[in-house]
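The values are calculated or read from the model by the stated rules, or taken from the named source; none is laboratory data. For clarity, every value in this text was computed on a predicted model and none was experimentally measured. Cβ atoms come from the backbone with ideal geometry, glycine included; neighbour counts cover every protein chain shown. Please note that ligands, DNA and RNA were not included when accessible areas were found on the heavy atoms of the full protein model with its side chains. Shrake-Rupley method; radii C 1.70, N 1.55, O 1.52, S 1.80 Å.
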Amino acid sequence: MGPRTKDQYRALHAGFRWLVPAQFNISAACASRWGRDPDRTAIYYEDDSGARSLTTYRQLDRAANRLANALRARGIRRGDRIAVVLPQRPEAAVADLAILRLGAIAMPLSILFGPDALAYRLENSGARAAIVDSLALDNCRSARTAALEHLIVVQAPGAPAAIRHDELDWHALLAPASERFRTVATAAEEPAFLVYTSGTTGPPKGALIPHRALLGNLPGFVASQNWFPQADDVFWSPADWAWTGGLMDALMPSLYFGRPIVAYRGRFGADVAYDLLARYRVTNSFLFPTALKMMMRADPEPRRRHDLVLRGLMSAGESVGETLFEWCQGSLGLQVNEMYGQTEVNYIVGNSALRWPAMPGSIGRPYPGHRVAVIDDEGMPVRAGESGEVAIHRCDRHGHPDPIFFLGYWRNPRATAEKFTGDWCRTGDLASADDNGYLWYRGRADDMFKAAGYRIGPGEIENCLMGHPAVANVAVVPKPDAERGNVVKAYVVLAAEYAPDDALAARLQDHVRARLAPYEYPKEIEFIDALPMTTTGKVQRRVLRLQEEERARAARG
């Protein structure tokens, strides 16, 4: 593989045709059709205490039926939003599948979210119920809204919580429910998931993802995983199932093809990763570049100590870079397939080691079925080698609708309209394309950035910091970091009665950590007399970002 890979790209892209049925339900496709097989493994589960279990597709399907019946009995109907605040565990898959077969909308939320982050999303979505891991229960109780009628608690292993009178226990709820349920015949166009994505200004926006979007993901998934599935394929990724990367790049595609996926509840570490890969005979994985860097440094030659059988590896979220690319090929024994996408239009560009050669440093080519271009401000494609914004057309090269698209931002038609220039959906990422169609990433067109694989929008963090009485003004930017790609840094202008010191910086960090997710708190705070502003009064984050990049270059010498 590698540089000598035969280039089949043009024939694959030209020959691809979408086949999207008028009716399609993700839950039926990912569980019901496999549920008749009593021995087909769906989920291998373990946690950091050593507890392990195995869930078959039959068990997964019947549990989803039980939960669907229980939710319907409590008034949940088609179109209702149901929050799922669970880590990687079988109940998370059951919850998603049950909600979708009701025709309701699953809203996955990270258990890392603090009460403010949860409260905004629950209030904005009008969620009627939440299915919550007991470790996230206190935050969910604090965030509970008037519209939230049901709080269903799934006990965390080794950390049971006392259930209040107005809450429901997962096992007690499912036990009396029937194992038979007729899945609602949803249109492929109907919403399935509501996934909140950070914005550059203001609060996060909820991207409404239809059932058909899973079909739109599959060409990229199959290609980036070197033509998944094969008979013995087992998938694992540490990507949180509450995010698009874990949900649509790992969990749902694995279930769609009826293959096992490993769910691990615990902190990621290089030793954990190698152990899971070897013990479960994992053939396919999605690993962020940050995770790969940790693995490379912990064990540069892993195949000497671990019996690895990886045959497909995808990476996304930040640049893989030449060093990691070469390490994967030499030490893991396979070429890493870099991928690019976002919540609204996921899995649109990337590589496939079996079908076309990768260019180290390139994010790849548009996957079959997607018409992607680099466009200017007027929506016109730029010439090869010129920088512009990555965009995807509503229709493929044959003029047929591309099913990958989100339906729009929840209750935000203005933001939805601003996402498009004609039929081109703008990603907000800058790139150039070469004569062979490879895209080369150049950075963000706005102020979004990635830190340790997480997509960070400064708006929510800045709003949180502005809630502290010491903060008069603030700007959040990425600070380059060799390990994580970037870390979150906040430039803070203090109110007149406060003096800058390390203790205050620590209090501001704790203020964010207690309200948002741990990966959002600023790892560094720099106090500044005034922020750079435009003549119209807008913060020039770009000035601060360039300052951080210059400091990083100077530090490297």
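Annotations
- Per residue of the chain, the DSSP helices (runs of n ≥ 4 H) give a summed -39500 (n - 2.57) that works out to -8000 deg cm²/dmol at 222 nm.
- Rounded, prolate or oblate (a/c below 1.5 giving rounded, otherwise prolate when a/b exceeds b/c) for region 251-368 by Cα gyration tensor: oblate
- Among beta bridges that DSSP assigns inside region 77-179, antiparallel share in %, nearest 5: 5 percent
- Nearby lysines by direct alpha-carbon distance to Lys450 (threshold 27 angstrom, same-chain neighbours under 8 apart not counted): Lys205, Lys293, Lys419, Lys479, Lys489, Lys523, Lys538
- In percent, rounded to a whole number, the relative contact order of region 467-557 is 31, using alpha-carbon pairs under 8 Å and six or more apart.
- Label-to-label distance for Leu19 and Glu550 is 5.8 nm, based on points extended 7 Å past Cα in the beta-carbon direction.
- Among Lys479, Lys6, the sequence by solvent-accessible area, most first, with a 1.4 Å probe is Lys6, Lys479.
- P(r) tail for region 295-360: Cα pairs beyond 14 Å make up 60% of the total.
- For the chain, relative contact order (Cα pairs under 8 Å, six or more residues apart, normalised by length) works out to 14 percent.
- Long-range HN-HN contacts of Gln88 with modeled amide H, under 5 Å: Trp241
- Ranking Ala207, Ala130, Val222 by Cα position along the charge dipole of the chain, where only Lys, Arg, Asp and Glu carry charges on their C-beta atoms, puts Val222 farthest toward the positive end.
- Dipole-positive endmost among Pro357, Ala185, Ala64 within the chain (Cβ charges, Cα centre): Ala185
- Amide N of region 268-301 lying under 18 Å from the label point, which is placed 7 angstrom from the Cα of Thr323 along Cα→Cβ: 270, 288-301
- Dipole magnitude (debye, nearest 20) for the chain, charges at Cβ of Lys, Arg, Asp, Glu: 1500 debye
- Shape of region 86-210, Cα gyration tensor, a/c cut at 1.5: oblate
- Heavy atoms of Ile525 accessible to a 1.4 Å probe, total area in Å² rounded to 10: 30 Å²
- Computed on protein heavy atoms with a 1.4 Å probe, the accessible areas place Asp116, Asp299 in the order Asp116, Asp299, largest first.
- Diffusion coefficient of the chain by Stokes-Einstein, Kirkwood radius over Cα pairs, 37 °C, 0.692 mPa s: 135 µm²/s.
- For Asp481, the amide hydrogen comes within under 5 Å of the amide hydrogens of Asn486, Val487, counting only partners 5 or more places away or on other chains and with H modelled in the peptide plane.
- Separation between Cα centres of region 76-107 and region 464-509, rounded to whole Å: 36 Å
- The Cα-based radius of gyration and maximum Cα-Cα distance (Dmax) for region 1-157 are 19.1, 60 Å.
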